[in-house]
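Chemist: Take a look at the following structure, please.
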Amino acid sequence: MKGSRPAGRRSAGFSLVEILIALIFLMVAVTSMFSFFSSSNRGTLDAYRETIAHSLAQEALEWVSGLGYEKILSLQANPMNPLADRLGLDTFVKVDKVFLDDGSVINYPDGYKQFERKTQIVHYPADKVFLIRVTVQPTEKALLRRGSIVLEKLVGAEYD
């Protein structure tokens with residue numbers, strides 16, 4: 001018989017079991033790759049949001065410390081000052097409600113508008129120093145793993 005196979009010899013193809021085992025290995029590899037890319041994307045997004053929060057905190061910290069010791073002292077003496085209202089001292093203020101000196105709104109990118117910040121000023125009269133503390137937190141808790149970013153800076157009479 002010309003077209004028949006000799007007894008005991010296999011054909012050159014793959015068996016169903018071999019194909020299933022190969023598919024299982026392929027599925028495990030694809031699943032692990034997807035998991036890797038997903039966690040990498042999440043980590044990149046977390047780093048991006050943390051950078052935004054740090055930038056917002058640094059901006060407020062530098063702006064307030066740039067006022068100088070004497071102006072901060074007068075600000076503390078008169079808490080009903082319009083500048084104190086703009087700073088939103090001791091309360092969280094959404095970033096899209098921050099105004100420039102001329103009264104115009106700062107146009108932050110959309111990613112920045114998911115945060116709010118609080119500026120606190122603590123006076124140490126004996127040392128003639130102010131501690132400026134800026135806390136930035138997301139408006140939705142799930143946006144930032146750390147919860148909040150806190151930066152502090154000393155402003156003293158001798159440094160003006």
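Chemist: How much accessible area per residue does segment 49-160 have, counting only protein heavy atoms and a probe of 1.4 Å, in square angstrom? Mind showing how you got there, number by number?
Modeler: Working: 6470 Å² over 112 residues.
I get 58 Å² per residue for this part.
Chemist: Now for a different question. Against the globular-protein guess of 2.2 N^0.38 Å, express the Cα radius of gyration of segment 57-109 as a ratio, rounded to two decimals. Don't skip to the answer; put the middle values down first.
Modeler: Working: Rg = 11.4 Å, N = 53, 2.2 N^0.38 = 9.9 Å.
Working it through for segment 57-109, the quotient is 1.14.
Chemist: Provide the gained length on full extension for the span V122 to D110, in nm with one decimal, where the gain is 0.36 nm per separating residue minus the Cα-Cα distance.
Modeler: On the way: separation 12, 0.36 × 12 = 4.32 nm, distance 3.16 nm.
Difference between extended and current length: 1.2 nm.
Chemist: Now for a different question. Can you list the HN-Hα couplings for segment 33-49, worked out from phi with the Karplus curve (6.51, -1.76, 1.60; θ = phi - 60°), rounded to whole Hz and with x for Gly and Pro?
Modeler: Result, rounded to whole Hz: 5, 4, 4, 4, 5, 5, 5, 5, 5, 5, x, 5, 5, 4, 5, 4, 5.
Chemist: Would you work out what percent of the accessible area of segment 73-160, with all protein chains in place, is carbon or sulfur (probe 1.4 Å)?
Modeler: Working: 2750 of 5430 Å².
Answer for segment 73-160 is 51 percent, counting heavy atoms of protein chains only.
Chemist: With labels modelled as points extended 7 Å from the Cα through the Cβ direction, what inter-label distance (nm, one decimal) is found for L45 paired with S32?
Modeler: 2.5 nm
Chemist: Report the FRET efficiency, 1/(1 + (r/R0)^6), for R146 and S15, where r is their Cβ-Cβ distance and R0 is 41 Å, rounded to 0.05. Numbers along the way, then the final one.
Modeler: Values: r = 54 Å, r/R0 = 1.31.
Approximately 0.15, to the nearest 0.05.
Chemist: Using the Kirkwood formula on the Cα atoms of segment 5-147, what hydrodynamic radius do you get, in angstrom to one decimal?
Modeler: Values: mean 1/r = 0.0509 Å⁻¹.
Hydrodynamic radius (Kirkwood, Cα only) of segment 5-147 equals 19.6 Å.
The values are calculated or read from the model by the stated rules, or taken from the named source; none is laboratory data. Computed from a predicted structure; not experimentally measured. Virtual Cβ from ideal backbone geometry, glycine too; neighbours counted across all protein chains shown. SASA here: full protein model, heavy atoms, side chains in, ligands and nucleic acids out. Shrake-Rupley method; radii C 1.70, N 1.55, O 1.52, S 1.80 Å.
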